[in-house]
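Structure record follows, encoded as structure tokens.
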Amino acid sequence: MNESLGKPIDRVDGRLKVTGGATYAAEYKIKNLAYGAPVLSTITKGRVKNIDIQQAEKMPGVIGVMTSENCMMLHTPSGSDPGSGKFAEKDLLPLQNDRVLYGGQYIAVVVAETAEQAEQAAATIKVTYDEQKPVVGFEANFSTAYQPGSGLGGAKTQEKRGDADAAMQSAAFTTDETYTTPVYSHNAMEPHATIAEWNGDKLTVYDATQSVMGVQGLLSNILGIPKENTQVYALYIGGGFGSKGFTWANTLLAPMAAKQFNRPVKIELKRQQVFSAAGRRTQTQQKIGLGAGVDGKLTSIKHDTISETSFVDEFVETAGVATSMIYSSPNVEVKHSLVRLNRGTPCPMRAPGESVGMYALEVAMDEMANKLKMDPVQFRITNHSDMDEQKKKQFSSKYLKECYQRGAEAIGWSNRSAEPGMTKQGNLLVGYGVATATYPANRSASSAKATLFADGHAEILCGTQDIGTGTYTVMTQVAADAFGLPVDQVKVKLGDSSYPKGAQSGGSQVSASVGPPIRAAALGAVSKVVKMAIADEKSPLYGKKEEDIVVNSGRIQFKDHSNTSESFTDVLRRKGLDKVEAQAKTNVSTRQQQDAAPAPDGSPEAKIEAESKTNAAVQADEKTDRKDYVFHSFGAQFAKVLVDPDLGTIRVEKIASVMDIGTVMNLKTATNQIMGGILFGMGMALMEETKYDPNNGRIVTRDLAQYLVPVHADIPEIDVQFIEKPDPFISPIGARGIGEIGVTGMAAAIANAIYNATGKRVRDLPITPDKLIA
């Protein structure tokens, strides 16, 4: 058998990307393409009284100006699931009225022959407003906070077991502190972009999205056109981090303008526009209360979060989502409240909930360990949860204690002084910090099609997408092993809404969701070839049992008898076939949701479902009993920092990150994903912050000169390790997603290391030099 899974093979799309051969949404060469330049509001709340477009319309190259007075009417979206199409601001469809509810909101689009002409004309448009007083200031509006019903995907926002208040009052040791995180911006390398082209009543869209299937469904819904008339492509995406998981106005405005002016239209956002019109991570204030006995065991955990959302939709940053399960305690209470502000709507950003929530909880854990005079690693091991005590279910797989042990060795934890500020390296203070990492192991229903060609190569089609994480590569490895072919003879095609429906790239679910149907479809194609051979008197395998046949390097052979074999090519050509195809759908969800309704009769998806009923791999997968398990990945984050005691400057010298993620599908891409999460966490801890004008509520930090992110000079030595033990229940592959867990706990590990170095506890991110020397 070919065994490429897990090996650190190079990205199969790497050469295309470094040579410019990978085409991103804004790069398609469309005949007669026109360019749209958005006009954004300069007030934070009010109404548009008048838009003077006369000068703009007269400018060279201008085709027209689209406003709320002349654009097409849209249908109200019916769904809120990103995988099926989630418009980010359901109560503010673009250009449907004259209301302004945040600064930087779309109020018009100028369409011209060139991008430069469109931008120049947009700058001449004069807007008069009926301005109203906006609701600005996060803390200033806490009195208006309310408790939301649920978070994204039905996530619980209020959890309770036992009596946390009573347990706090009787605890031998307590901590009760407040932690804050600012607004963060995604800043993916590729800004949002959309090209839309109509051909009669058929629409083709090239979009920078984390869900081609979701965008297809949403455009069909909002524009009122049949789904089969809507084609969406996202072959390559330059990062998303959640901002491209929801659909934003640009994706609607491009087809609206294309229809209105009868031209293909491209709308490509500038970096400044991305800050205001394409999502962000919400601001939070988190109060963490911990109670512990003299033995160090937690008797009470309280986690109360206030975050903010917009007036045009509701997004909950469920910061306490991991608190009820990550440590053992009989008494836990988790609360979430929301404040509405005149800001653009927040959305998921890499590890939504856990990223900010684990920061606050893990710093609180460090504070309690210090009160107990207990080693912070040992404190976490003492309170290790062997099961999800809130849901009363076992973890499908958990090796967190091993993560602590290996991470401590890698960072040199034995060199840590329990007393802060006691270790120096030259004139610099040295500190060590630890934090726990966790993220749900999500899986959802997905489908795939496999084709085995007579010339010996194979192809996979799946309507998911690769947002830069390596999906093309790891799915090629999955398929190659199932086909019994070398990796270079397998082509995986993604990012096309006409393919069988694949998972959205969000919630770290793609590998666990689309890997099983890709494997099952490939095995299904191989099975068809094997059945042909064992029924063919001309085959050396004639009369053998299918279960006694194995595949290797493009050949099917009798088990343990390599001489009794023939190639795929031999079988198919003898039958006069140029290819054999198989489709598979695995209808599995780790979210304990009800099974999805069957696809409509006669639809392509219904045909896949029918074929899946006879696919042995699908049936074995779907019959696995998962109801008694919860699915999470775990890890331990360790940091070593150097702090200048006079200047307050912070240098992260080393990071050790040990992850329990099930099967590692590709060591190179997996390491890359965790390293990326670590850098996200570094930025979160030390420099990133989106600031708003306290008077008018408009964004002040609108570019990468003012919004700081880690650069090459900031990168420390990074040691990433994996436990590499498959999860026996999540799928036959045993892999859990890793795109987001790397950021969780990282900010806390750095914050705890800074405290160990300096003795100064900073609870408000980012931790900047001024906060250390104040």
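From (1) crowded, with 24+ Cβ neighbours inside 10 Å; (2) over 28 Å from Ser80 (Cβ atoms), pick out the condition that doesn't hold for Gly543.
The failed condition is (1).
Tell me, which residue of the range 550-570 that is touching a helix residue (DSSP H, G or I) at 6+ places or on another chain (Cβ under 6 Å) and not hydrophobic (A, V, I, L, M, F, W, C) is farthest from Ala479 (Cα to Cα)?
Lys559
Taking the range 172-212, which residues are touching a helix residue (DSSP H, G or I) at 6+ places or on another chain (Cβ under 7 Å), open to solvent by 20 Å² or more (accessible area, probe 1.4 Å), of a type outside the set (Asp, Glu) and more than 21 Å from Glu689 (Cα to Cα)?
Listed by number, the residues that qualify are Phe173, Thr174, Trp198, Lys202, Tyr206.
Here is a list: Asn262, Asn250. Which entry is open to solvent by less than 10 Å² (accessible area, probe 1.4 Å), under 28 Å from Ile225 (Cα atoms) and touching a residue at least 24 places away in the same chain (Cβ under 8 Å)?
One residue alone meets the criteria, Asn250.
Return the pair list, or none, for Cβ contacts closer than 6 Å from residues in the range 531-553 that are touching a residue at least 60 places away in the same chain (Cβ under 8 Å) to residues that are surrounded by 13 or more Cβ atoms within 10 Å (Cβ to Cβ) and among the aliphatic types (A, V, I, L, M), at least 6 apart or on different chains.
Qualifying pairs under 6 Å: Val551/Val526.
Could you list, ordered by first residue, the pairs with Cβ atoms under 7 Å in which the first is in the range 399-415 and closer than 21 Å to Gly431 by Cβ and the second is surrounded by fewer than 19 Cβ atoms within 10 Å (Cβ to Cβ) and at pLDDT below 95, at least 6 apart or interchain?
Sorted first by the residue in the range 399-415, then by its partner, the list stays empty.
Suppose the filter is open to solvent by 10 Å² or more (accessible area, probe 1.4 Å) and part of a strand (DSSP E or B); does Val762 pass it?
Criteria not met by Val762.
Consider only pairs whose beta carbons are under 6 Å apart and that are at least six residues apart or on different chains; among these, list those whose first residue lies in the range 285-299 and is farther than 15 Å from Met374 by Cβ and whose second residue is in a loop (DSSP other than H, G, I, E, B).
Taking only residues 6 or more apart or on different chains, the pairs are Gln286/Ala319.
Please find, within the range 157-166, the residue that is nearest to Pro440 (Cα to Cα) out of those that are among the charged types (D, E, K, R) and surrounded by fewer than 16 Cβ atoms within 10 Å (Cβ to Cβ).
Step by step, filter the range 157-166, then rank; the result is Lys160.
Quick one: what pairs do we get from the range 562-577, first residue assigned to a helix (DSSP H, G or I), second surrounded by fewer than 15 Cβ atoms within 10 Å (Cβ to Cβ), C-beta under 7 Å, 6+ apart or different chains?
Thr569/Asp455; Arg574/Lys538
Which of the residues belonging to the range 1-20 are farther than 15 Å from Met475 by Cβ and of a type in the set (Ser, Thr, Tyr)?
Passing the criteria: only Thr19.
Looking at this structure, is Glu581 in a helix (DSSP H, G or I), in contact (Cβ under 8 Å) with a residue 40 or more places away in the chain and surrounded by fewer than 22 Cβ atoms within 10 Å (Cβ to Cβ)?
The answer is no for Glu581.
Considering only the range 61-94, state which residues are under 27 Å from Arg281 (Cβ atoms) and aliphatic (A, V, I, L, M).
If the condition is that a residue be under 27 Å from Arg281 (Cβ atoms) and aliphatic (A, V, I, L, M), then Ala88, Leu92, Leu93 are the ones that fit.
Contact list please: Cβ distance under 7 Å, first residue in the range 634-645 and in contact (Cβ under 8 Å) with a residue 40 or more places away in the chain, second residue acidic (Asp, Glu) and surrounded by fewer than 24 Cβ atoms within 10 Å (Cβ to Cβ), pairs at least six apart or on different chains.
Lys640/Glu653; Val641/Glu653; Leu642/Glu653
Residues to consider are Gln286, Gln273; find the one that is surrounded by fewer than 22 Cβ atoms within 10 Å (Cβ to Cβ) and not aromatic (Phe, Trp, Tyr).
Selected residue: Gln273, the only one of Gln286, Gln273 that is surrounded by fewer than 22 Cβ atoms within 10 Å (Cβ to Cβ) and not aromatic (Phe, Trp, Tyr).
Yes or no: Gly635 in the same structural domain as Asp388 (by TED's automatic domain parsing), assigned to a helix (DSSP H, G or I), over 30 Å from Ser41 (Cα atoms) and open to solvent by less than 50 Å² (accessible area, probe 1.4 Å)?
No, not satisfied.
Which of the numbered conditions does Asp496 fail, given that it passes all the others? Conditions: (1) open to solvent by 30 Å² or more (accessible area, probe 1.4 Å); (2) among the charged types (D, E, K, R); (3) touching a Phe, Trp or Tyr at 6+ places or on another chain (Cβ under 9 Å).
Going through the list (1) open to solvent by 30 Å² or more (accessible area, probe 1.4 Å); (2) among the charged types (D, E, K, R); (3) touching a Phe, Trp or Tyr at 6+ places or on another chain (Cβ under 9 Å), Asp496 breaks only (1).
The values are calculated or read from the model by the stated rules, or taken from the named source; none is laboratory data. Quick caveat, the model's predicted, so the values are computed rather than measured. Quick reminder, even Gly has a Cβ in these numbers, built from the backbone with ideal geometry, and neighbours come from all protein chains shown. Quick note on the areas: whole protein, heavy atoms, side chains included, nothing else; ligands and nucleic acids left out. Shrake-Rupley method; radii C 1.70, N 1.55, O 1.52, S 1.80 Å.
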